[in-house]
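Worksheet: the structure to be examined is printed underneath.
The values are calculated or read from the model by the stated rules, or taken from the named source; none is laboratory data. Model, not experiment: these values are computed from the prediction. Positions of Cβ are backbone-derived with ideal geometry, glycine not excepted, and every protein chain shown enters the neighbour counts. Heavy atoms of the whole protein, side chains included, go into the accessibility calculation; ligands, DNA and RNA do not. Shrake-Rupley method; radii C 1.70, N 1.55, O 1.52, S 1.80 Å.
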Amino acid sequence: MTRPVTLPRTARILVVALRRLGDVLLTTPLIRSLKRAFPDASIDALVYAGTEGVLTGNPDLQNVLTVPARPKSGDTLALLTRIAKRYDLALSTQTGDRPTMLAAIAGRQSAGLREAAGLAAAAKRVLLSRSCITDRNRHRVRDILQLAELLGIAAVAEVVCPQASVRSGPALPSSYAVLHAAPMFVYKRWTADGWRNLAAAVRERGLAAVVTGAASDRAYLDDVFQGSDVTRLDGRLAWPELTAVIGAARAYIGPDTAITHLAAASGAPTVSLYGPTDPRLWGPWPRGGLDRAWEASGTIQRRGNVWLVQNPLLCLPCQQEGCDRRLDSHSECLDTLTVAQVVAAVDEALVMRQAA
């Protein structure tokens, strides 16, 4: 059994998560595990600038520090001066050299993930007080929670959504479904015709179709929903407002994106459209946890409040950046995903909300 880490009662802890929005959100179970184990500790997170919003109002965090994704030498020096040995414990949630180095510099004790073999793995074993081998065949949440086990504390597999102390946001229809059509990368997109027909199917079921997205998605969403009867909220919602809008929806439908992970964690009936990405590693984490692992592929899978929809071609999941292996590629598995299949999952999700 792992020897539990020893910390002062009012310890300072740093969690380093230098990845994209969805990755940062999926570190919140580790942060919650730390807070439950050390309730009087002050916990900070270090993330890339632009991803901190997904941690807004997180009750387990004292501060969120940011660093540019491509820092200048002055940025790095300022950060190192700010964090060097200022923490009783620092954790790296990645195997990368940079987050490992930052955790080792920041913490009097440190812990992190590392590769199984090689010079880099050997160096990390020396740099870190404790380390464990990343398991790239496990769901990302389970992989990160290895760090809780490494510290000898209980793992709490709960994704924590952005929160606000005061509820606010735009006026909304009384009954609606949220459609989030814009992932970060083109290869994760479903078809424009698919989204338009889905919006029509939602309205046929007596629901308003509420469209969410970032301000930068506006031109794409203009094209997708041209002529459609939808309520547009793209660019209008802060993270806590987005959580509230999704949480109150009869259903949420979206692709493989951070917002779909947020929807799953909020408890909303969530229909997730997956293409190249392997759901065994990156499938949405339902509210209350994942009772059994996602299968690699299937027509419609359900776990808790999440329905995962795929067009199970023989090549699925390829874990590649679309058929052309680049971020702006098409993905045949999504291009040929039918509206009827998505609507079948949406109908199941609506039954769940009605029964709740």
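Numbers for the structure displayed
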read-out	value
Region 189-220, subset polar (S, T, N, Q) and open to solvent by 30 Å² or more (accessible area, probe 1.4 Å), residue farthest from the chain's Cα centre (by Cα)	Asn197
Single unsatisfied condition, Arg232 versus (1) of a type in the set (Lys, Arg); (2) more than 13 Å from Val346 (Cα to Cα); (3) crowded, with 17+ Cβ neighbours inside 10 Å	(3)
Residues that are more than 22 Å from Glu52 (Cβ to Cβ), open to solvent by 30 Å² or more (accessible area, probe 1.4 Å) and assigned to a loop (DSSP other than H, G, I, E, B), drawn from region 8-40	Pro8, Arg9, Thr10, Phe38, Pro39, Asp40
Flag for Pro39 being more than 17 Å from Gly112 (Cβ to Cβ) and without any contact (Cβ under 8 Å) to a residue 12 or more places away in the chain	yes
Qualifying residues in region 300-342 (those that are among the β-branched types (Val, Ile, Thr) and open to solvent by 20 Å² or more (accessible area, probe 1.4 Å)) - the one nearest to Val178 (Cα to Cα)	Val339
Members of region 40-67 found to be hydroxyl-bearing (Ser, Thr, Tyr) and more than 17 Å from Ser266 (Cβ to Cβ), listed by number	Ser42, Tyr48, Thr51, Thr66
Residue among Thr100, Thr81, Thr76, Thr56 that alone is out of contact with any His (no Cβ under 6 Å at 6 or more places or on another chain), of a type outside the set (Gly, Ala, Ser) and crowded, with 20+ Cβ neighbours inside 10 Å	Thr100
Residues located in region 138-188, provided they are among the small types (Gly, Ala, Ser) and either open to solvent by less than 10 Å² (accessible area, probe 1.4 Å) or modelled with pLDDT under 95 (or both)	Ala148, Ala164, Ser165, Ser168, Gly169, Ala171, Ser174, Ala177, Ala181, Ala182
Matching option when the condition is in a loop (DSSP other than H, G, I, E, B) and modelled with pLDDT of 95 or more, among Asp291, Asp324, Asp347	Asp324
